[in-house]
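**Student:** I'd like to ask you about the structure that follows.
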Amino acid sequence: MNDYRKPIPQIQPWSAPFWEGTKKHELLIQECAECGARIFYPRKYCPECWSSNMGWSRARGRGRIYSHTTTMTGVETKFLEDLPFVLAIIDLDEGVRMTGNVVDCDPDDVSIGMEVEVVFDDVTSEITLPKWRPVKK
Amino acid sequence: MGKGKLAIVGVGEVPTGRYPDRAPWDIIYETCMQAVRAAGLDKNDIEGVISVNPMAQARLSSEIGFGKIPEELGLKGCNDVCICNAGGASTANCLRLAEQWIDSGIAKTVLIPHVTVHSVLPPDDLIAFFATAGMDLQWEYPFGTTYNGIVALMSQRYMYETGTTAEEMASVVVALRRWAALDPNSMFYKKPVTIEEVLSSKMVSTPLHARECNVLADGGAAMVVTSWDLAKEITSTPVYKLGQGATYMSASAVLRDDFFTREAWRKTTQTALDEAGITSNDVDVFEFYAAYPFCQCVMLEAAGICDPGEAGKFIMEGHTSPGGKVPCATIGDAVGRGHTGSGVSIANYVETARQLMGKAGERQVPDCNYALATSAGGAYMNAVTTIWGREPQ
Ligand SMILES: [Zn+2]
């Protein structure tokens, strides 16, 4: 697991709880305790009201695909082994939008509006990336 | 937004393409000397130098940022020097800073140069630069985002919502390459493409084919700008800045409610037109620097030329091509010109000036009195729309 060559997220002190969550296979969303805003990506202070009183809530881990693309070429060497891979924007049920990968399916089957669920990829002993797969009907 | 009283009085440019033997300083000398001579000025008349930051070339960027250009060129009258970096919107900021220097008396005439030499950089370094520049290292890059990938996501959603077909999207490239085919400074001079050729090129990131993506190239350009008053004395073909609108969207595409950036362009277009005191019907040429085909569509829709979702059809009918009723992007945008990092934007302003000076050769739009030019930086972080004209008003 330590031969992972692709970039790992550059974590900031205030985003650390998100990555501690994924490591435990939980998807956490930052929430402002002052104004109630749900925030992605995590910030040091609330981008709505500048409060420092920030908390986290556990997301259901479900969402829909807003847009997607299957990348076939034009990537750095370290991503070559993954080609083709699906990059997507996911609208979570909780109202935030994330960029991620759709996995465990044929890229041609991915479509806008498709329901997806989070799946956790333990890429190193320290880092777990949240990814997405189609919800089985 | 402050009308300013800025005018372009001279431009210089070298052909875009892969010229590994042409060093950055060859390009700087050539473009700057061309621009100063075209303005009919002496080198010592240049009182300020504001450069466009070259992307992915850290050494060159620091040489220029730390004041080398006036020294190399022997600009004895130079009062100050600076470099601007806002990605593809760098040139827009060079022009605005020049306007401030001119208004405040720091400099009567300002030289704005740009140079990029990609061909000597290792291909992996270039891919790595364009994979990470403008991408979030925590929330995007670990998932394999690239510029092409981000724009593919935007294009996919645009096609889904508007019903724009793959043929219509390919026709945007056809139109841009028709303009580029008439431009001796383009790497695609005399090389038009067909819809079939676009659609049969390699798929890069669905729905973007290779010919819908940009080819990295070397290039460079320079402009000399001054005040409205001085412009009239210097040259018979001054190009006046008449109005501008600007707005910031977001660094990350994922944080944008206005996902296609259409509303941002609508707003800045309207502000610029209002300030110039004209309507989009008065605009003779739309110099859209959109960087990718789908955004040419969005900008046409934002300018009110087409209803949302209709631009692909309109472009496929040839209306934006040479001889069409709404000429757009007459250097062919980045897809037609070759991508010179932050340089496509200056090339777009240089072409805007050429069209209004009546010096655009085979691409010349007849009776060109008003031009609209756009720039944006990063992954569409902002929208800047400027109206330029042949007469002050
Ligand atoms: Zn708040």
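Readers should treat all values here as calculations from the given coordinates under stated rules, not as data from a laboratory. Everything quoted here is computed from the prediction, not taken from an experiment. Here Cβ is always computed from backbone atoms with ideal geometry, including for glycine, and neighbour counts include all displayed protein chains.
**Student:** Taking only Cα atoms and a 10 Å spring cutoff, compute GNM fluctuations for chain B and point out the largest among B:Ala180, B:Ala92, B:Ala38.
**Tutor:** B:Ala38
**Student:** Could you give the length gained on full extension between B:Ala166 and B:Gln393, defined as 0.36 nm per residue of separation minus the Cα-Cα distance, in nm?
**Tutor:** Contour length minus the Cα-Cα distance gives 77.5 nm.
**Student:** Of B:Ala222, B:Ala251, B:Ala383, which has the largest mean-square fluctuation in a 10 Å C-alpha GNM of chain B?
**Tutor:** In this elastic network of chain B, the residue with the biggest mean-square fluctuation among B:Ala222, B:Ala251, B:Ala383 is B:Ala251.
**Student:** Can you give the local net charge around B:Leu75? Use residues other than it whose beta-carbon is closer than 15 angstrom to its beta-carbon, Lys and Arg +1, Asp and Glu -1.
**Tutor:** Charge balance near B:Leu75 sits at -1.
**Student:** What does the charge add up to near B:Asn369, with Lys and Arg as +1, Asp and Glu as -1, over the other residues with Cβ less than 11 Å from its Cβ?
**Tutor:** Working: positive: B:Arg390; negative: B:Asp282, B:Asp284, B:Asp367, B:Glu391.
Once positives and negatives cancel, what remains is -3.
**Student:** Please compute P(r) over all alpha-carbon pairs of the protein assembly as shown, binned at 10 Å starting from zero, and give each bin as a whole-number percent.
**Tutor:** In whole percents, the pair-distance histogram is 4, 19, 28, 25, 16, 7, 1, 0.
**Student:** Quick one: order B:Ile102, B:Ile8 by neighbouring beta-carbon count within 10 Å, fewest to most.
**Tutor:** B:Ile102, B:Ile8
**Student:** Which value does Rg/Rh take for the range B:195-251 over its C-alpha atoms, Rh per Kirkwood?
**Tutor:** Details: Rg = 20.4 Å, Rh = 16.4 Å.
Rounded to two decimals, Rg/Rh equals 1.24.
**Student:** Still on this structure: Starting from the Cα coordinates of chain B, work out the convex hull volume and express it per residue in Å³.
**Tutor:** 122 Å³
**Student:** Just the Cα atoms of chain A: what Rg and Dmax do they give in Å?
**Tutor:** Cα radius of gyration and Dmax of chain A are 15.7, 45 Å respectively.
**Student:** I've got another one for you. Cut-off under 17 Å on the C-alpha distance; same-chain residues fewer than 8 positions from B:Lys359 excluded. Which aspartates and glutamates are left, in chain and number order?
**Tutor:** Candidates past the 8-residue exclusion: B:Glu13, B:Asp183, B:Asp284, B:Glu287, B:Glu351, B:Asp367, B:Glu391.
**Student:** Let me ask something additional. Relative contact order of chain B: what whole-number percent is it, with Cα pairs under 8 angstrom and at least 6 residues apart?
**Tutor:** 25 percent
**Student:** If you don't mind, another one. Within the range B:42-66, find all residues whose amide N lies under 15 Å from a label point positioned 7 Å from the Cα of B:Glu233 along Cα-to-beta-carbon.
**Tutor:** Answer for the range B:42-66: B:42, B:45-47.
**Student:** Please list, in order along the range B:24-39, the HN-Hα scalar couplings obtained from phi with the Karplus expression 6.51 cos²θ - 1.76 cosθ + 1.60 (θ = phi - 60°), rounded to whole Hz, x for Gly and Pro.
**Tutor:** Values, residue by residue: x, 6, 4, 5, 4, 4, 5, 5, 5, 5, 4, 5, 5, 5, 4, 7 Hz.
**Student:** Continuing with the same structure: Sort out for me the Cα centre separation of the range A:31-72 from the range B:274-340, rounded to whole Å.
**Tutor:** If we compute the Cα centre of each part, the gap is 36 Å.
**Student:** Looking only at the range A:16-134, where both bridge partners belong to it, what percent of the DSSP beta bridges are antiparallel (to the nearest 5)? Could you put the intermediate results ahead of the total?
**Tutor:** Working: 31 of 32 bridges.
Counting only bridges with both partners in the range A:16-134, antiparallel ones make up about 95 percent.
**Student:** Past the 19 Å Cα-Cα mark, which pairs from B:Lys43/B:Lys68; A:Lys23/A:Lys78; A:Lys24/A:Lys131; B:Lys190/B:Lys325; B:Lys108/B:Lys232?
**Tutor:** Beyond 19 Å between Cα atoms: A:Lys23/A:Lys78; B:Lys190/B:Lys325.
**Student:** Where does the range B:87-216 land on the Kirkwood hydrodynamic radius, alpha-carbon pairs, in angstrom?
**Tutor:** Here the Kirkwood hydrodynamic radius works out to 17.8 Å.
**Student:** For the range A:30-112, state which GluC sites (Glu not before Pro) are in a DSSP loop and have at most 16 other beta carbons lying within 10 Å of their beta carbon.
**Tutor:** Within the range A:30-112, the qualifying GluC sites (Glu not before Pro) (loop, at most 16 other Cβ atoms within 10 Å) are A:Glu34, A:Glu48.
**Student:** Kindly put A:Ile39, B:Ile278 in sequence by how many other C-beta atoms sit within 10 Å of each C-beta, fewest to most.
**Tutor:** A:Ile39, B:Ile278
**Student:** Just flag the trypsin sites (Lys or Arg not before Pro) in the range B:203-298 sitting in loop per DSSP whose Cβ has no more than 13 other Cβ atoms within 10 Å.
**Tutor:** none
**Student:** For chain B, set up a Gaussian network in which alpha carbons nearer than 10 Å are linked by springs, and say which option among B:Trp265, B:Trp139, B:Trp179 fluctuates the most.
**Tutor:** Result for chain B, Cα springs under 10 Å: B:Trp139 fluctuates most.
**Student:** Okay, moving on. What is the extension gain from B:Ile195 to B:Ser61, computed as 0.36 nm multiplied by their sequence separation minus the C-alpha to C-alpha distance, in nm to one decimal?
**Tutor:** Separation in residues times 0.36 nm, less the Cα-Cα distance, equals 44.4 nm.
**Student:** Taking θ as phi - 60°, what are the ³J(HN,Hα) couplings along the range A:30-43 by the Karplus curve (6.51, -1.76, 1.60), each to the nearest whole Hz, with x for Gly and Pro?
**Tutor:** My calculation for the range A:30-43 gives 6, 9, 7, 6, 7, 10, x, 4, 8, 10, 9, 7, x, 10 Hz in order.
**Student:** What spacing in nm lies between the two simple spin-label points modelled at B:Asp257 and A:Ser111, each 7 Å away from Cα in the Cβ direction?
**Tutor:** 3.0 nm
**Student:** B:Ile106: net charge of surrounding residues, Cβ under 13 Å, Lys/Arg +1, Asp/Glu -1, itself excluded?
**Tutor:** -3
**Student:** Any idea what the relative contact order of the range A:16-134 is, in percent, if you count C-alpha pairs under 8 Å spaced at least 6 apart? Walk me through the numbers before you get to the answer.
**Tutor:** Values: 240 pairs, mean separation 28.3, N = 119.
This gives 24 percent for the range A:16-134.
**Student:** Sort B:Ser119, B:Ser186, B:Ser200 so the one with the fewest other Cβ atoms within 10 Å of its own Cβ comes first.
**Tutor:** With the sparsest Cβ surroundings first, the list reads B:Ser200, B:Ser119, B:Ser186.
**Student:** If you don't mind, there's one more thing I want to ask. Are there chymotrypsin sites (Phe, Trp or Tyr not before Pro) in the range A:71-127 that DSSP marks as loop and that have at most 13 other Cβ atoms within 10 Å, and which are they?
**Tutor:** For chymotrypsin sites (Phe, Trp or Tyr not before Pro) across the range A:71-127 that sit outside H, G, I, E and B with at most 13 neighbouring Cβ atoms in 10 Å, the list is empty.
**Student:** Can you compute the modelled spin-label distance between B:Ile106 and A:Val119, with each label point 7 Å from Cα toward Cβ, in nm?
**Tutor:** 5.6 nm
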